Amino acid sequence: MDLHSILAFTVVAAIAIASPGPATLMAINNSLAYGPRYAIWSSIGNASGLFCLSAAAMLGLGALLASSEWMFSVVKILGAGYLFYLGARQLFKKGSVLAQEVHPDGQTYRPSRLKLYKSAFLTATTNPKATIFFTALFPQFIDQGAAMLPQFLLLTAIFMGLSLASLSLYAAAAAQAKGMLSRPAFSVWISRLVGSTFICFGVAILATRRPIS
């Protein structure tokens, strides 16, 4: 793989990653609710999910998903269902996205890092769009005459690094704006917007069509 191919992949991947999606919304939501240091765990969970999807694409599972109607539908329904759950939880929770639960002993509740990690990992791995994206993108930049594994690791590392950087920037920006969003009435509307956006992403996944093979 030459330098030109690596740079071209980096540009294409950066453009794709910069477009807000469920992972971006989750990073912003966690940053507002618990702080940017907690949002990094959901970002790492998303990056881990991307690695699994990338590996699946390299192993041919992405092509199988694209060619099998029922497999594609199952993954699509699972992904949309999980986003619906996240959206409903925000819409029907008491208080706002910025409100933190306080236990009787006065301690503020924060979810475990593992919980944040698993939630983002599940969101990433149940998104069929990402699997199809890797399946379509990798062959365009991989040198078929060279060893596949080093190229796979390099492209995947670039994609994961860009994803972590992008989500960290979104989380940091959200933390900077937290003071402006802390007014109770406005914060409630932010919570509703977050929930509605999760549901919209779920609907978008349900509307995804299987690529014609």
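The values are calculated or read from the model by the stated rules, or taken from the named source; none is laboratory data. Only a predicted model underlies this, so the values are computations on that prediction, with no experimental measurement involved. Cβ sites come from the backbone with ideal geometry, for glycine too, and all protein chains shown count toward neighbours.
Taking the condition at pLDDT 80 or above, surrounded by 15 or more Cβ atoms within 10 Å (Cβ to Cβ) and not β-branched (Val, Ile, Thr), does LEU137 pass?
Spelling it out, it is not the case that LEU137 is at pLDDT 80 or above, surrounded by 15 or more Cβ atoms within 10 Å (Cβ to Cβ) and not β-branched (Val, Ile, Thr).
Tell me yes or no: at least one residue of segment 29-39 is surrounded by 14 or more Cβ atoms within 10 Å (Cβ to Cβ), of a type outside the set (Ser, Thr, Tyr), touching a Ser or Thr at 6+ places or on another chain (Cβ under 8 Å) and closer than 20 Å to LEU137 by Cβ.
Among the residues of segment 29-39, not one is surrounded by 14 or more Cβ atoms within 10 Å (Cβ to Cβ), of a type outside the set (Ser, Thr, Tyr), touching a Ser or Thr at 6+ places or on another chain (Cβ under 8 Å) and closer than 20 Å to LEU137 by Cβ, which makes the answer no.
Can you tell me how many residues within segment 124-158 are hydrophobic (A, V, I, L, M, F, W, C), in a loop (DSSP other than H, G, I, E, B) and closer than 23 Å to ASN46 by Cβ?
Total meeting the criteria: 1.
Given LEU91, LEU98, LEU64, which one is part of a helix (DSSP H, G or I), over 18 Å from the mean Cα position of the chain (by Cα) and modelled with pLDDT under 75?
Testing whether each residue is part of a helix (DSSP H, G or I), over 18 Å from the mean Cα position of the chain (by Cα) and modelled with pLDDT under 75 leaves just LEU64.
Of these, ALA57, ALA23, which one is closer than 12 Å to SER166 by Cβ, in contact (Cβ under 8 Å) with a residue 40 or more places away in the chain and buried (at least 18 other Cβ atoms within 10 Å of the Cβ)?
Selected residue: ALA23, the only one of ALA57, ALA23 that is closer than 12 Å to SER166 by Cβ, in contact (Cβ under 8 Å) with a residue 40 or more places away in the chain and buried (at least 18 other Cβ atoms within 10 Å of the Cβ).
Being farther than 24 Å from PRO36 by Cβ, assigned to a helix (DSSP H, G or I), modelled with pLDDT of 70 or more and charged (D, E, K, R): is that true of LYS118 here?
no
Of these, VAL188, VAL194, which one is at pLDDT below 75, surrounded by 18 or more Cβ atoms within 10 Å (Cβ to Cβ) and closer than 22 Å to ALA39 by Cα?
The match here is VAL194.
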